[in-house]
Amino acid sequence: MSAVYHDYVNIAPTTPLGVSGAATGDLVVIPVPYKCQVRRFAILWLTTGAAQAIVEFDHQPTAGAAAGRVNLVAITKPAAETQGKYLYKDPATSVVLNEGDAVVVEVTDLETASLFHPILLVERNPEQPANQADMQLST
């Protein structure tokens, strides 16, 4: 059975190349450019290795501020070879992001010298800029 096609967009992280998992902690920030609903969190694993790793996606309601930051999902790379694999989780509940929000990609368990691409697939939820508190027209 085929899946229903939706026009989802990958919001690009601030780092254009694969993210190095050589250390734990916050590795990349994905700025939210428009109101949207998250449809899928994923990582594309780029390196060889058979150790487990855990990558988390955290929601920052105010980009650059730690206040209110919550974990949205954790993706576990199994202790097996996964080079070239697309590891994903779909949100269990509705996750809506707004302009001015950010998604922080964090490694909490490490596979030494790993490299991966974080992927955040969203569905646009159009809204007038005047209705968004975090949008301001520049002078």
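Screening Leu115, Leu110, Leu137 for residues that are out of contact with any Ser or Thr (no Cβ under 9 Å at 6 or more places or on another chain) and at pLDDT below 85 leaves exactly one candidate, Leu137. If the condition is being over 17 Å from Asn125 (Cβ atoms), surrounded by 23 or more Cβ atoms within 10 Å (Cβ to Cβ) and β-branched (Val, Ile, Thr), then the range 30-58 contributes Ile43, Val55. Within the range 91-102, can one find any residue that is of a type outside the set (D, E, K, R), under 14 Å from the mean Cα position of the chain (by Cα) and within 20 Å of Gly25 (Cβ to Cβ)? The answer is yes; a qualifying residue exists. Evaluation of Ala66 against the conditions (1) in contact with an Asp or Glu (Cβ under 9 Å, 6 or more places away or on another chain); (2) exposed (fewer than 15 other Cβ atoms within 10 Å of the Cβ) shows that the sole unmet condition is (1). Would a scan of the range 57-65 turn up a residue that is free of Cβ contacts under 8 Å to residues at least 12 places away in the same chain, out of contact with any Gly (no Cβ under 7 Å at 6 or more places or on another chain) and closer than 30 Å to Asp134 by Cβ? Yes, there is a match, as at least one residue in the range 57-65 is free of Cβ contacts under 8 Å to residues at least 12 places away in the same chain, out of contact with any Gly (no Cβ under 7 Å at 6 or more places or on another chain) and closer than 30 Å to Asp134 by Cβ. One residue stands out in the range 69-82 among those that are surrounded by fewer than 18 Cβ atoms within 10 Å (Cβ to Cβ) and modelled with pLDDT under 90: the one that is nearest to Leu121 (Cα to Cα), namely Pro78.
Residues in the range 62-109 that are under 13 Å from Ala42 (Cα atoms) and small (Gly, Ala, Ser): Ala74, Gly84.
Scanning the range 89-139 for residues that are surrounded by 15 or more Cβ atoms within 10 Å (Cβ to Cβ), outside any loop (DSSP other than H, G, I, E, B) and not β-branched (Val, Ile, Thr) gives Lys89, Leu97, Ala102, Glu106, Asp109, Leu115, Phe116, His117, Pro118, Leu120, Leu121.
The values are calculated or read from the model by the stated rules, or taken from the named source; none is laboratory data. Note that this is a predicted model, so its numbers are computed, not measured. Backbone-built Cβ (ideal geometry, glycine too); neighbour counts: all protein chains shown.
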